[in-house]
1. Along each of its three principal axes, how wide is the spread of alpha-carbon positions in the chain, in whole angstrom units, largest first?
2. With a cut-off of 8 Å between alpha carbons and a minimum separation of six or more residues, what is the relative contact order of the chain in percent?
3. Which Cα, out of Gln198, Ile7, Ala108, lies furthest along the positive dipole direction of the chain (beta carbon charges, K/R +1, D/E -1)?
4. Pick from His202, His100, His125 the residue whose mean-square fluctuation is largest in a GNM of the chain, springs joining Cα atoms under 10 Å.
5. Highest GNM mean-square fluctuation, the chain, Cα pairs closer than 10 Å: which of Gly99, Gly177, Gly122?
6. If you keep only loop residues by DSSP, which trypsin sites (Lys or Arg not before Pro) in segment 90-146 have at most 14 other Cβ atoms within 10 Å of their Cβ?
7. Given H placed on each backbone N at 1.01 Å, which residues far from Leu27 in sequence or on other chains put an amide H within less than 5 Å of it?
8. Neighbour counts of other C-beta atoms within 10 Å: give me Ile7, Ile205 arranged from fewest to most.
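Each value in this text was obtained by applying a stated rule to the coordinates, not by laboratory testing. Treat the numbers as computed from the prediction; the structure is a model and nothing was measured. Here the Cβ positions follow ideal geometry from the backbone for every residue, glycine too, while neighbour counts run over all protein chains shown.
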Amino acid sequence: MLTINEIFHSIQGESTRAGEPCVFVRLTACDLRCSWCDTAYAFHEGSKRSLDDVVATVEQYGCPTVEITGGEPLLQEDVYPLMDRLLTGGYTVMLETGGHRPIDRVPAAVVKIVDVKCPGSGESHRNCWSNLAALAPHDEVKFVVKDREDYEFAREIIARYDLPSKCASVLISPVHGVLDSRTVSEWMLADRLPARLQLQLHKFIWAPTTRGV
Ligand code: SF4
């Protein structure tokens, strides 16, 4: 059984797959409280659903890409058989994780989008640094930045762990409505930062607080 907050079909708003149709499976609960979290409704709201029910709901959308997100999806043990079931079903499976839980049990074929929490989140002390040694070449690492201090933290971690050599993309995501995307773009260009600017596409298509998109 899994506690599911919502399952919906939308346009992928983040990662290198931004713009592609995707089914999202949002799991309930998170053990972090990032200052800029935009899915606090997933901390507690949800209902118990069987793996069969979740997989059948995903199948109804007829979409080949599925992202498992949260909350923090790695808090629920049955996320592992869910990933196995979806891979067996032929889906491209993505997993969005906060980066504070070990990723070593995630099936190798799953594309992991792993956060590194910056100081402005209030949760940077929770980063599971060993995750950066467990990245697969198809994975992506994301830094959500709210100010210059966060940006400089990200820049330092990218260099210290040589992240561009360890994963498919390093994403710099300014907090929507807080840090101007032009400002962070200019910082990246000035530093020749080996990373990709990520804007949360769904917040430009729909109102930023819209759920289920
Ligand atoms: S890890 Fe994700 S879901 Fe949890 S508080 Fe941070 S942003 Fe919100």
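1. Answer, in whole Å and largest first: 49, 36, 29 Å.
2. Values: 407 pairs, mean separation 40.3, N = 213.
Computed over the chain, the figure is 19 percent.
3. It is Gln198, whose Cα lies furthest towards the positive end.
4. Checking each option, the largest mean-square fluctuation is seen for His125.
5. In the Gaussian network model the winner is Gly177.
6. Numbers: sites: Arg105, Lys112, Lys117, Arg126, Lys142, Lys146; in loops: Arg105, Lys117, Lys146.
Taking segment 90-146 and a limit of 14 other Cβ atoms within 10 Å, the loop trypsin sites (Lys or Arg not before Pro) found are Arg105.
7. Result for Leu27 returns Asn5, Thr69, Gly70.
8. Values: Ile7 18, Ile205 13.
Lowest count first: Ile205, Ile7.
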